[in-house]
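Below: one structure, written as structure tokens.
Just so it is clear, none of the values below were taken in a lab; they were calculated from the coordinates. This is a predicted model, so every value here is computed, not measured. Every residue, glycine among them, receives a Cβ derived from its backbone with ideal geometry; neighbour counts consider all protein chains shown.
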Amino acid sequence: MKQCTHAAALPHPDPVPLGETCPECLRDGTDPVQLRLCLTCGHVGCCDSSPKRHATEHHRETGHPVMRTHEPGEDWRWCFVDHVLV
């Protein structure tokens, strides 16, 4: 079973979210479907079901490997590099 090789290097506690919603969606005038929090820097981006996929775009631009859901009542993490739930 494949495992995330980045989880041990994540900051503890999780970084403080840099905002309440996806700033790129606000800039572009689009609506985020669900939000994701970068666990390296606290960037909040929209999920891949959103029109612009800003959380994935943030990963591609920065190389930050792991995000977690930023939705109330949800508690899961995803590693973009290893393509696994953390």
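How much length is gained on full extension from Gln3 to His83, taking 0.36 nm per residue of separation minus their Cα-Cα distance?
This chain segment gains 27.9 nm when fully extended.
Under the rule that a partner needs its Cβ under 4.7 Å from the first Cβ, which Cys of the chain have none?
Among the cysteines of the chain, those whose Cβ sits 4.7 Å or more from every other are Cys38, Cys41, Cys47.
What is the extension gain from His12 to Glu71, computed as 0.36 nm multiplied by their sequence separation minus the C-alpha to C-alpha distance, in nm to one decimal?
Length gained, His12 through Glu71: 19.3 nm.
Restricting to DSSP H runs of at least four residues, report the calculated mean residue ellipticity at 222 nm for the chain, -39500 (n - 2.57) per run over all residues, nearest 500 deg cm²/dmol. If you can, show how the numbers build up before the last one.
Numbers: 2 runs with 15 residues, N = 86.
Result for the chain, helices only: -4500 deg cm²/dmol.
Taking the Cα atoms of segment 6-85, what is the range of coordinates along each of the three principal axes, in descending order and whole Å?
36, 22, 20
Which whole-Hz ³J(HN,Hα) couplings does segment 75-81 yield from phi under the Karplus relation 6.51 cos²θ - 1.76 cosθ + 1.60, θ = phi - 60°, glycine and proline marked x?
8, 8, 10, 10, 9, 5, 6
In whole percent, what relative contact order does the chain give with Cα contacts below 8 Å and a gap of six or more residues?
28
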